[in-house]
Amino acid sequence: MKDRLDVLVCYDVSTVTDDGARRLRRMAKACAAYGQRVQYSTFELKVTPALLERFLQRAQEIMNPQADSLRVYFLRGPREEVVQTYGRDGWTDFEAPLIV
Amino acid sequence: MTRQLLNTLYVGTEGAHARLENDTVRIELEGERLIAVPLHHLASIVLFGGCTASAALMMRCADDGRAFVLLDRNGRFRARIQGKTSGNCLLRKAHYDAHADPFATLALCRTFVAGKLQNARQVLLRGARDLDAAGRAEAAATVRLAAEAHAEGILRLPEAHTTDEVRGIEGAAAQAYFGAFDLLVTNGRTEFRFGGRSRRPPLDRANALMSFLYALWTNDCVSALEGVGLDPQFGFLHVLRPGRPALALDLVEEFRAVVLDRLALTLINRRQIDADDFEVREGGAVSLTDDGRKKVLGEYQKRKGIEVPHPLFVEKVPLGLLPHVQARLLARHLRGDLEAYPPYMP
């Protein structure tokens, strides 16, 4: 658990064209494969550097760099200290016991 | 070099369906999403009876080498998905290789016994504190002597050069433990006097209760070992015998005092179990009645739901998952991912 990075991924995909709508869907799928959605186009990932690389490769293949934007923020510190939430919060700790 | 312990997703809600969605596992109940977990977080998925899963999810787990295990409602192992490259045969080879290696075996024997003695010592010390609080200083002193014997045993373990010597240290500590055990049965319940450890058959109610709890937990450990792909019969500390789950018995040792004896003592001291939950058979053998068995099983299941801290996790873990947690740690150690096996020592 220690060698995993807490990362915030935010994307902005231009949906002016049909292709844009498709890029948006694919970007959301790619992010969901690696982490969890915390807001409309914001995902939190807890990944190894290798997994992050794989995600970034996939995301860059999906996006149109002229029209779309992807930002990755590295959370430096334990989540309880660097993240404050207000209102609805569905974040799940995927490293805690998962019993459903 | 230590590597990460990946997580396990346990699905038990009646009617829940587990399916694969891209690279996540999605659990749904009546169309509602219960949880969606990216697969890279999971080393295994465990499904209990009453749940379903899609073939696509099973195939993906098999391809990835992720364990997919089916347990029945009682937690008993029923089946696991074996893929083309499940890695199971490699784990078993590592297991058997370690068993054939006297140094690896000795190290594991020392570790199992160290965990057992440390936990037994804690139970005794806590019992002594309770006796002090009840004004029974002499009894407390006796119990503390037994705890001291355990501390001495632990210190002698690194000097034990054969598994027989390790078993000798364990045996000496067990004598001290059971010698003092009767003092931990408080509340003046004479019908639960502990007259020394007796099994096959148990000769008093306390022994009958403990034997039953040991059997339940041993079964859970067998399921846990099978769930992670280890052979429950190939034990290190316990001698191999056909049909005997020696490795499960090894795994149980660290839990005996701190989980099972403590549960037995709680049931007795809080009067959650009565004398007439037991019957005496011909020859003096004591066992639980059907009603008594149901009662104990209910308390056992309830106890398994209680969350406890684990030295290696930030979050608490339900007690009932400890066998799975420790079995996975043992598998990782045998595979060479962990230098030593860390027993559960709360």
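The values are calculated or read from the model by the stated rules, or taken from the named source; none is laboratory data. Just so we're clear, the structure is a prediction, and the values are computed from it rather than from any experiment. Virtual Cβ from ideal backbone geometry, glycine too; neighbours counted across all protein chains shown. Side chains are part of the model used for accessible areas, which takes the heavy atoms of the whole protein and leaves out ligands, DNA and RNA. Shrake-Rupley method; radii C 1.70, N 1.55, O 1.52, S 1.80 Å.
Details
- As a length-normalised measure over Cα pairs under 8 Å and 6 or more apart, the relative contact order of segment B:117-197 settles at 30 percent.
- Per-residue ³J(HN,Hα) for segment B:129-134, Karplus 6.51 cos²θ - 1.76 cosθ + 1.60, θ = phi - 60°, Hz, x for Gly and Pro: 4, 5, 5, 4, 5, 8
- Modelled label positions at B:ARG199 and B:ALA134, each set 7 Å beyond Cα in the direction of Cβ, lie 2.6 nm from each other.
- Solvent-accessible surface of the protein assembly as shown, averaged per residue with a 1.4 angstrom probe and all protein chains in place: 50 square angstrom.
- Positive minus negative residues near A:TYR11 (Lys, Arg vs Asp, Glu; Cβ under 15 Å): +4
- The calculated FRET efficiency for B:GLU299 paired with A:ALA96, based on their beta-carbon distance and R0 = 35 Å, is about 0.85.
- Within the same chain, lysines fewer than 8 places from B:LYS294 are excluded, and of the rest, those with a Cα less than 29 Å from its Cα are B:LYS116, B:LYS302, B:LYS304, B:LYS316.
- Across peptide B:140-146, the average count of Cβ atoms from other chains found within 10 Å of a residue's Cβ is 0.
- Taking the average, over residues, of other Cβ atoms within 10 Å as the packing measure, peptides A:76-83, B:45-52 rank B:45-52, A:76-83 from highest down.
- Contact order, relative form, for chain B: 15 percent (alpha carbon pairs under 8 Å, 6 or more residues apart, mean separation divided by residue count).
- Chain A - mean residue ellipticity at 222 nm from DSSP helices (-39,500 (n - 2.57) per run, n ≥ 4, rounded to 500): -11000 deg cm²/dmol
- Comparing B:GLU226, B:GLU28, B:GLU253 in a Gaussian network model of chain B (Cα springs below 10 Å), the most mobile by mean-square fluctuation is B:GLU28.
- Cβ-based net charge around A:LEU45, under 10 Å, with every Lys or Arg adding one and every Asp or Glu removing one: 0
- Here the simple spin-label model places points 7 Å from the Cα toward Cβ, and for B:MET59 and B:ASP276 these points are separated by 6.1 nm.
- Applying 1/(1 + (r/R0)^6) with r as the Cβ-Cβ distance of A:GLN57 and B:ARG167 and R0 = 60 angstrom yields a FRET efficiency of 0.65.
- Take each residue in B:37-43, count the other chain C-beta atoms within 10 Å of its C-beta, and the mean is 6.
- Solvent-accessible surface ranking, highest first, for B:CYS61, B:CYS89 at 1.4 angstrom: B:CYS89, B:CYS61
- Look at the stretch B:60-67: the mean tally of other chain Cβ atoms within 10 Å of its residues' Cβ atoms is 0.
- On Cα atoms only, tilt of B:246-255 relative to the major axis of chain B in degrees: 60
- Listed residues B:ALA206, B:ALA53, B:ALA331, most fluctuating in chain B (Gaussian network, C-alpha, under 10 Å): B:ALA53
- A versus B: buried accessible surface, summed, Å² (probe 1.4 Å, to nearest 100): 2000
- 17 Å Cα-Cα reach of A:LYS29 towards lysines, excluding residues that sit fewer than 8 places from it in its own chain: A:LYS46
- Computed over chain B with a Gaussian network model linking Cα atoms closer than 10 Å, the most mobile of B:ALA128, B:ALA36, B:ALA149 is B:ALA36.
- Across the accessible surface of chain B, with the other protein chains kept in place and a 1.4 Å probe, carbon and sulfur atoms take up 53 percent.
- Integer Hz, Karplus 6.51/-1.76/1.60 couplings in order for segment B:273-278, x for Gly and Pro: 9, 10, 4, 7, 7, 10
- Across chain A, the mean sequence separation of Cα contacts (distance under 8 Å, 6 or more residues apart), normalised by length, yields a relative contact order of 38 percent.
- Note on chain B: helix-only mean residue ellipticity at 222 nm, from DSSP H runs of 4+ residues weighted -39500 (n - 2.57) and normalised by residue number, equals -16000 deg cm²/dmol.
- Residues losing 20 Å² or more accessible surface upon assembly, segment A:59-100, compared with the chain by itself, 1.4 Å: A:PHE94, A:GLU95, A:ALA96, A:PRO97, A:LEU98, A:ILE99, A:VAL100
- Folded to 0 to 90 degrees: helix B:290-305 orientation relative to chain B principal axis, Cα: 60
- For chymotrypsin sites (Phe, Trp or Tyr not before Pro), the sites in segment A:1-89 that DSSP calls loop and that have at most 12 other Cβ atoms within 10 Å are A:TYR40, A:TYR86.
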